[in-house]
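This report concerns only the one structure given below.
FYI, it's all coordinate maths here, none of it is from the lab. None of the values given here were measured: they were computed from a predicted structure. Reconstructed Cβ throughout: ideal geometry from the backbone, glycine too, with neighbour counts over all protein chains shown.
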Amino acid sequence: MKTDSPELSTVRRRASMPNRVSSSAATRAVTKRPKKLQLGAANGFVRVEPEQDADPYQLQGLDRVVAILDLLGASDDCLSLADICQRMDLRKSTAHRALMALERTGMIERAPGNRYRLGLKLYDMGNRAVEQIDLRSRMHPYLRKLALGVNETVHLGVLHKTRVVYIDKIEPINRRVCISSRTGTSNPVYSTSLGKAILAHLAPEETALIVAKINFNAFTSKTLTSKQELLDALERVRRRGYAVDDEEMEIGTRCVGAAVLDRTGRAIAAVSVSGSSLRLAAHCVPAIAEHVLRCCREISSALNIERD
């Protein structure tokens, strides 16, 4: 029987072996983005580099989730799946997946009637964010000085849409009954001295946009309940330099607030003194306002010097 030469045997063994590719080469083949093919003159097709995305930092799923959180945060009521689909023009399956993910992480929670609202985890994260705000730490010494001077509760607030968020609060020493507000919470701009002080010192077009979005609700018999009432109040703030919450959020509590201004005269925050309407009687308001205005001027001056 005729046998093959050693060289021919080697060739046949190699031909019968499977075509193995190294693991690294295989990985590159899988993970490498397919190149777009287009017609060529010589061999029919030539390879072209892959097309670049229009926005390499856009994450559609993340953008959608943030939009849902914004929608829930802007709504005064809990929203159903159908509400969210309609307002965001989303498919039911797409919105449902996003809501399940948000509910699982505690960002939102389910309310009665299978409706959705923001969850407590966002509140906790918001509090941590507030604690990290540099504005608060830079203003805190001035607020403490004001609190010692008037022996009443002092608040620092910033504007967020149609609400004022409290980012700092200092209680007076040895005061048994304290104001119920908490750092990280918010109240409407139209019923707080902080909110009115800020609105009065924004550009007219900016103020108009915010006022147009307000849904007026009465918290007490003294709450402003119309756009015109608020505009009249803002004009009074501009004339005298400070704002007053005259038991508009809570009967028995009066607040006096003024704006912290940047170098252009635009409000970036506001400071208020809050206390019992018996201690902060109407005849005491101008004197309290002088303390608040002095504090705001000192803060504004310090911030503007630091920016130079």
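Residues HIS160, HIS140, arranged from fewest to most other Cβ atoms within 10 angstrom of their Cβ, appear as HIS160, HIS140. Couplings 3J(HN,Hα) for the stretch 263-268, derived from phi with the Karplus relation 6.51 cos²θ - 1.76 cosθ + 1.60 (θ = phi - 60°), are 5, 8, x, 8, 6, 10 Hz, where x marks Gly and Pro. Listed from fewest to most Cβ neighbours within 10 Å, the set ILE251, ILE108 follows the order ILE251, ILE108.
Let a ≥ b ≥ c be the square roots of the eigenvalues of the Cα gyration tensor of the stretch 60-123; is it rounded (a/c under 1.5), or, if not, prolate (a/b larger than b/c) or oblate? Rounded.
Each DSSP beta bridge with both residues in the stretch 133-307 is either parallel or antiparallel, and the antiparallel ones are about 100%. Ordered by the count of other Cβ atoms within 10 Å of each Cβ, fewest first, TYR123, TYR166 give TYR123, TYR166.
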